[in-house]
Amino acid sequence: MTTIDWNNLGFNYIKTPWRYRMYWKDGQWSKGELTEDSTLQISEASAALHYGQQCFEGLKAYRRKDGKINLFRVDENAKRLNRSATRLLMPTIPEETFIDAVKQVVKANEDFVPPYGTGATLYIRPLLIGVGDSIGVSPAPEYIFTVFCMPVGPYFKGGLTPTNFIVSEYDRAAPQGTGAAKVGGNYAASLLPGKDAHDHKYSDCIYLDPETHTKIEEVGSANFFGITKDNKFITPKSPSILPSITKYSLLYLAKERLGLEAIEGTVKIDELDQFAEAGACGTAAVISPIGGIQYKDNFHVFYSETEVGPVTKALYDELTGIQFGDKKAPEGWIFEVE
Ligand code: PLP
Ligand code: COI
């Protein structure tokens, strides 16, 4: 048994006992299996190390009131990993294999799935890397797919208490680049702007579209949404942001469960006045209310710097209610770990 303080977890690496490994060699995947070895031994010439030929996913397992364990839309993570892999010329993974790998890892580390009611979850990190001997800029000859996990609490310290964000002058991605793929290079590019934001006491930065710097793209680790004063849910549409599974879930829930008009569209940075509430959404971020946004010399406050707004809270209750099994899920959203 573990001695983890479930109520006070942050978003940090914790080594859990089991992870899944599968190797691509000579044009095919090996049979994947669980291992206790948390290290990877790879060639110094691995393309993942030199040229960033790698991609990853992030999803969570949720302990229900009845003790069972839910996965949320894991099939969408499988599809997105394959889109990222295809963008970087990496082999794809059969969707069923991906889902089975995630289930096996959760089951094997079941003692680390936080108890219902703590708000904590098991964060699962699937990772695909190009390895083997090669030094020219070309796809790796071999690949490793691994899935590991750890219990986590809130990604942004505030949880459901709003925090503040700052608009970055940097771009995280290019218009026809890899912004829509979940590849490490996007996150490497976000480290410096993220540090600048943290150094100035903001939770993270917000990126504008790389072409015109007039429209909100996303947060460094989550998508953006706003609730207009006339009760519309609006979230940016752009080819250079990560297609967030949480965001698409919220677009559906805002419309079908809250009766709001839900729009994927343009969010101009100089039109923040239209919003009564704003938030960041993602697997790690869940729904993190945005108190205010610093843009150049102007600090724009939304609902409140200290209290979550009513629509954001209603969306949070709906989403987490479904994830933890307290509310009826739309067809196909929940995968139970048997
Ligand atoms: N945007 C970025 C840059 C992210 O890293 C994430 C996290 O996965 C998201 C958005 C949210 O995506 P999802 O809701 O699929 O977790
Ligand atoms: C996630 O929400 O799963 C992410 O990958 C965001 C961050 C931890 C990089």
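Among the GluC sites (Glu not before Pro) in segment 209-247, those placed in a DSSP loop whose Cβ has at most 13 other Cβ atoms within 10 Å are GLU211.
A helix-only calculation puts the chain at -7000 deg cm²/dmol for mean residue ellipticity at 222 nm, using -39500 (n - 2.57) for each DSSP H run of at least four residues, averaged over all residues. Cross-link partners for LYS31 among the lysines, with Cα-Cα distance under 17 Å and sequence neighbours closer than 8 places in the same chain left out: LYS103. Computed from Cα positions, the angle between helix 95-108 and the longest principal axis of the chain comes to roughly 90 degrees. Distance between the pseudo-spin-label points of GLU211 and LYS255 (7 Å out from Cα toward the beta carbon): 2.4 nm.
Of the residues GLY325, GLY226, GLY259, the one that moves most in a GNM of the chain with alpha-carbon contacts below 10 Å is GLY259.
As a proxy for reagent exposure, LYS247, LYS268 were ordered by neighbouring Cβ count within 10 angstrom, fewest first; the result is LYS268, LYS247. Could you state, as a whole-number percent, how many of the C-alpha pairs of segment 60-186 are farther apart than 26 Å? It works out to 38 percent of all Cα pairs. Using a/c under 1.5 as the rounded threshold, could you call segment 117-210 rounded, prolate or oblate? The axes a ≥ b ≥ c are square roots of the C-alpha gyration tensor eigenvalues, and prolate needs a/b larger than b/c, oblate otherwise. Oblate.
For a quick check of your reading of the filter: which trypsin sites (Lys or Arg not before Pro) in segment 1-61 sit in a DSSP loop and have no more than 13 other Cβ atoms within 10 Å?
Answer in residue order: LYS15, LYS31.
Of the GluC sites (Glu not before Pro) found in segment 69-169, those that fall in a DSSP loop while having at most 16 other beta-carbon atoms within 10 Å are GLU169. Seen against the Cα atoms of the chain and their longest principal axis, helix 184-199 is set at about 40 degrees. Here the gap between GLN41 and ASP273, fully extended at 0.36 nm per residue and compared with their Cα-Cα distance, gives a gain of 78.3 nm.
Between the Cα long axis of helix 245-256 and the first principal axis of the chain there is an angle of about 40°, rounded to the nearest 10. In a reduced charge model with +1 at each Lys and Arg Cβ and -1 at each Asp and Glu Cβ, the chain shows a dipole moment near 440 debye about its Cα centre.
Full extension of the segment from ASP5 to SER30, taken as 0.36 nm per residue of separation minus the current Cα-Cα distance, would add 5.2 nm. Rg over Rh for segment 1-70 works out to 1.04, both radii taken from alpha-carbon positions and Rh defined as the Kirkwood radius. Dividing the mean sequence gap of close Cα pairs (under 8 Å, 6+ apart) by how many residues the chain holds gives a relative contact order of 20 percent. Computed with the Debye formula from one identical point scatterer per Cα of the chain, without solvent, the log10 of I(q)/I(0) at q = 0.07, 0.12, 0.16 Å⁻¹ comes to -0.29, -0.87, -1.47. Applying Stokes-Einstein at 20 °C and 1.002 mPa s to the Kirkwood radius of segment 75-127, computed over alpha-carbon pairs, gives a translational diffusion coefficient of 172 µm² s⁻¹. In percent, rounded to a whole number, the relative contact order of segment 57-149 is 31, using alpha-carbon pairs under 8 Å and six or more apart.
A short reminder: the numbers here are calculations on the coordinates, not readings from a lab. The shown structure was predicted, so the numbers you read here are calculated from the model rather than taken from an experiment. With ideal geometry, Cβ positions are generated from the backbone for all residues, glycine too; neighbour counts draw on all protein chains shown.
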